[in-house]
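Beneath this line is the structure, given in structure tokens, with notes to follow.
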């Protein structure tokens with residue numbers, strides 16, 4: 001099938017824009033490879049330190065330089081349900097490596113925080129910066145320069161983007177990402193949301209809320225709604241760093257273990273010691289990132305990736321911008337309805353045909369680059385396969401050519417909506433983005449007086465005092481990366497949903513983020529320039545009429561005279577200390593804009 005004209009045009013534009021930086025990056029990667037297997041350049045003392053804790057058989061293999069050595073970067077901790085299964089993965093990876101004559105070592109651990117724990121809490125102000133910390137920590141682990149390939153164990157919001165940044169930086173060695181899989185389905189997500197709304201209105205007590213939350217988040221594995229964590233897993237398949245069909249296989253199953261073993265063996269098979277060398281730098285090219293953006297739109301994925309993908313691409317020498325996302329969104333249909341864009345969870349999505357079916361449909365529609373390289377080889381058709389266990393052996397077989405539930409997953413030619421639902425907004429308030437795939441069409445345009453806040457707790461207090469009685473655009477500013485680390489404001493969603501259900505037209509405008517589970521309330525987020533950087537959002541006052549228009553892609557204050565005011569300054573002192581925030585001052589002082597990936601490295 002001929003490639004869609006929009007995808008072709010956007011890809012060519014990205015390639016042209018990125019030509020100097022991409023060429024310099026690839027030259028660095030080639031120079032690294034030219035040095036050959038790195039252990040040859042280590043002294044005997046270097047090597048003795050690196051192998052001291054290994055058993056004698058593994059030491060002998062490495063001392064003779066005949067075996068491939070996998071560096072394991074793990075984000076394991078047992079506080080994150082999604083990462084708890086990784087506890088025993090290093091043992092599986094070592095076992096798999098030995099079965100094919102190789103070795104494996106844990107090269108390093110990286111931090112992994114749970115945004116579900118920190119939502120609405122001070123710790124959320126460290127969340128975005130944790131991505132850069134993860135990249136740096138992974139870099140420290142791989143800097144020992146004794147690994148022929150790497151495997152990365154991570155799932156959730158900032159973890160995978162941080163790991164990809166590190167994998168791209170060390171792009172001369174192959175990288176395989178190994179997921180943990182989603183927890184089995186629990187309390188339906190729409191029922192959980194209903195209880196949250198009831199609690200926000202005082203209709204149920206905290207015991208009822210806790211019971212609902214515990215029934216929803218109930219065991220090891222990724223949360224089952226389609227937020228940033230599961231969007232990350234989708235991306236790793238669309239961009240060729242997972243084994244096909246591996247993203248949404250539940251933890252603790254025989255198939256999950258078989259996929260982990262196979263992924264480790266694949267990491268060795270594509271190292272520079274063999275005949276199938278596949279460095280990460282060759283996989284993560286402009287076409288791979290475009291395929292990732294296609295997947296983001298086709299699945300209705302997390303708005304957080306509008307920041308993360310830009311940062312990931314820059315580590316690969318590739319320059320993306322929000323216009324690329326917006327134009328691709330107009331060309332790619334929304335094919336999935338997974339909560340918060342529908343009632344199903346990711347287990348239901350996977351059972352309906354999942355990513356293999358979707359990739360096959362997009363290829364038929366000319367909506368994916370079909371010639372990209374992956375850890376499996378050449379061509380996206382490899383990712384239409386699904387893994388099966390046959391007599392205890394892992395095989396990859398053709399996936400379903402039909403959706404098994406069209407209420408969840410629809411064909412490319414008969415989608416839920418013709419566009420992906422990610423909108424770039426631009427106007428006299430700056431540039432921002434909105435996810436509209438879960439927002440009712442009649443709410444795509446909101447024009448109402450502003451109510452301005454400098455803290456999400458102020459919004460909650462105003463709600464409890466019943467101060468929202470008319471149509472309102474809630475403006476929460478000084479939430480950008482320079483101000484306080486750009487926290488998610490997801491804890492405002494139940495309150496704004498209540499106002500919407502009362503018949504009010506409401507919208508959120510913020511230089512902060514919303515959750516990957518952004519839902520039915522229109523939210524213009526990532527507004528840039530941010531307030532602390534001189535953005536127009538700092539000049540808005542209560543009562544100014546703001547128009548948030550996702551139909552035409554605009555974000556404006558209607559009385560341009562408002563922009564002549566002096567910016568209102570916020571007292572940010574309370575956000576500089578406590579729960580580690582004082583240690584991240586350097587990040588706040590050096591971070592880039594949301595439009596450029598909000599990175600401090």
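The values are calculated or read from the model by the stated rules, or taken from the named source; none is laboratory data. These numbers were taken from a predicted model, which means no experiment stands behind them. Backbone-built Cβ (ideal geometry, glycine too); neighbour counts: all protein chains shown.
Points to keep in mind about this one:
- Only one of the numbered conditions (1) at pLDDT 95 or above; (2) in contact with a helix residue (DSSP H, G or I) (Cβ under 9 Å, 6 or more places away or on another chain); (3) assigned to a helix (DSSP H, G or I) is not met by residue 24, and that is (2).
- Subset of region 553-568 (residues that are under 19 Å from residue 440 (Cβ atoms) and free of Cβ contacts under 8 Å to residues at least 40 places away in the same chain): none
Each row is one residue, and each column tells you yes or no for (1) in contact (Cβ under 8 Å) with a residue 40 or more places away in the chain; (2) farther than 30 Å from residue 512 by Cβ; (3) assigned to a loop (DSSP other than H, G, I, E, B); (4) in the same structural domain as residue 180 (by TED's automatic domain parsing).
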position	(1), (2), (3), (4)
262	yes, yes, no, yes
289	yes, no, no, yes
293	no, no, no, yes
318	yes, no, yes, yes
326	yes, no, no, yes
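- Hits in region 136-171 - residues which are outside any helix (DSSP H, G or I) and more than 19 Å from the chain's Cα centre (by Cα): 143, 144, 145, 146, 147, 148, 149, 150, 170, 171
- Just one of the listed residues (257, 213) is assigned to a helix (DSSP H, G or I), closer than 20 Å to residue 184 by Cβ and not assigned by TED's automatic domain parsing to the domain that holds residue 388, namely 213.
- The single residue among 314, 266 that is within 21 Å of residue 526 (Cα to Cα) and surrounded by fewer than 24 Cβ atoms within 10 Å (Cβ to Cβ) turns out to be 314.
- The residue that is surrounded by the most Cβ atoms within 10 Å (Cβ to Cβ), among those in region 536-571 that are part of a loop (DSSP other than H, G, I, E, B) and within 26 Å of the chain's Cα centre (by Cα), is 550.
- Residue ranges of helices (runs of 4 or more DSSP H) in region 36-129 with at least 2 members buried (at least 16 other Cβ atoms within 10 Å of the Cβ), touching a strand residue (DSSP E or B) at 6+ places or on another chain (Cβ under 9 Å) and at pLDDT below 95: 44-51, 56-63, 115-118
- Only listed residue being in contact with a strand residue (DSSP E or B) (Cβ under 9 Å, 6 or more places away or on another chain), surrounded by fewer than 23 Cβ atoms within 10 Å (Cβ to Cβ), touching a residue at least 12 places away in the same chain (Cβ under 8 Å) and under 22 Å from residue 533 (Cβ atoms), chosen from 444, 454: 454
- Looking only at region 364-404, residues that are closer than 21 Å to residue 226 by Cα and touching a strand residue (DSSP E or B) at 6+ places or on another chain (Cβ under 8 Å) come to 4 in all.
- Residue identified as closer than 26 Å to residue 487 by Cβ and surrounded by fewer than 23 Cβ atoms within 10 Å (Cβ to Cβ) among 166, 193: 193
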